[in-house]
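Please read the structure below before turning to the comments.
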Amino acid sequence: MTAHRVSYLIHVGPYLPNLCVLHQCHNRACVNPAHLHLGTKSDNNQDMVRSGRQTHVLSSEDVAYIH
C-alpha cells in the first residue's frame, strides 16, 4: 500500500476499494491528509489531463497512422 493511501486511512478513514486516493496538490509523494481526496480512476485521469500531467497524448494524425 502506498504512503498516501496509508495517510488517508489513518487521518480520514477507510474507503471503498474501487476508489482512488487523489492529490489536490498534484504531488504524488505528498501524504498531507488535507491534500488528499477520494475519486474514481476516471476522476484521476480527468484531473491529470486538466493539470497538464498527462505526457502521452496521441494526435488524430497519430491515431489515423496507427489504424
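The values are calculated or read from the model by the stated rules, or taken from the named source; none is laboratory data. Quick caveat: nothing in here was measured; it's all calculated off a predicted structure. Ideal geometry is used to build each Cβ from the backbone, glycine not excepted, and the neighbour counts take in all protein chains shown. Only protein heavy atoms, including side chains, enter the accessible area calculation; ligands, DNA and RNA are left aside. Shrake-Rupley method; radii C 1.70, N 1.55, O 1.52, S 1.80 Å.
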**OP:** Measure off, as a whole percent, the carbon and sulfur share of the 1.4 Å-probe accessible area of the chain, all protein chains present.
**Re:** 57
Original post:
With a sphere of radius 12 Å drawn around the Cβ of residue 26, what net charge do the other residues whose Cβ falls strictly inside it have (Lys, Arg +1; Asp, Glu -1)?
Top reply: +2
**OP:** Please tell me the relative contact order of the stretch 1-52 in percent, rounded to the nearest whole number, where contacts are Cα pairs under 8 Å and at least six residues apart.
**Re:** 37
Original post:
Which value at 222 nm does the chain reach when only helices count, each DSSP H run of 4 or more adding -39,500 (n - 2.57), with the total divided by all residues and rounded to the nearest 500 deg cm²/dmol?
Top reply: -11000 deg cm²/dmol
Original post:
Which whole-angstrom value gives the distance between the alpha carbon centres of the stretch 15-29 and the stretch 35-67?
Top reply: 16
**OP:** Tell me the label-point distance for the pair residue 27, residue 56, using the 7 Å Cα-to-Cβ offset, in nm and rounded to one decimal.
**Re:** 2.7
**OP:** From largest accessible area down, sort 4, 11, 35, 56; use a 1.4 Å probe on the protein chains.
**Re:** 56, 11, 35, 4
Original post:
Out of every Cα pair in the chain, what percent are spaced more than 14 Å from each other?
Top reply: 63
Original post:
Counting Lys +1, Arg +1, Asp -1, Glu -1, what net charge surrounds residue 47 among other residues with beta carbon under 13 Å of its beta carbon?
Top reply: +3
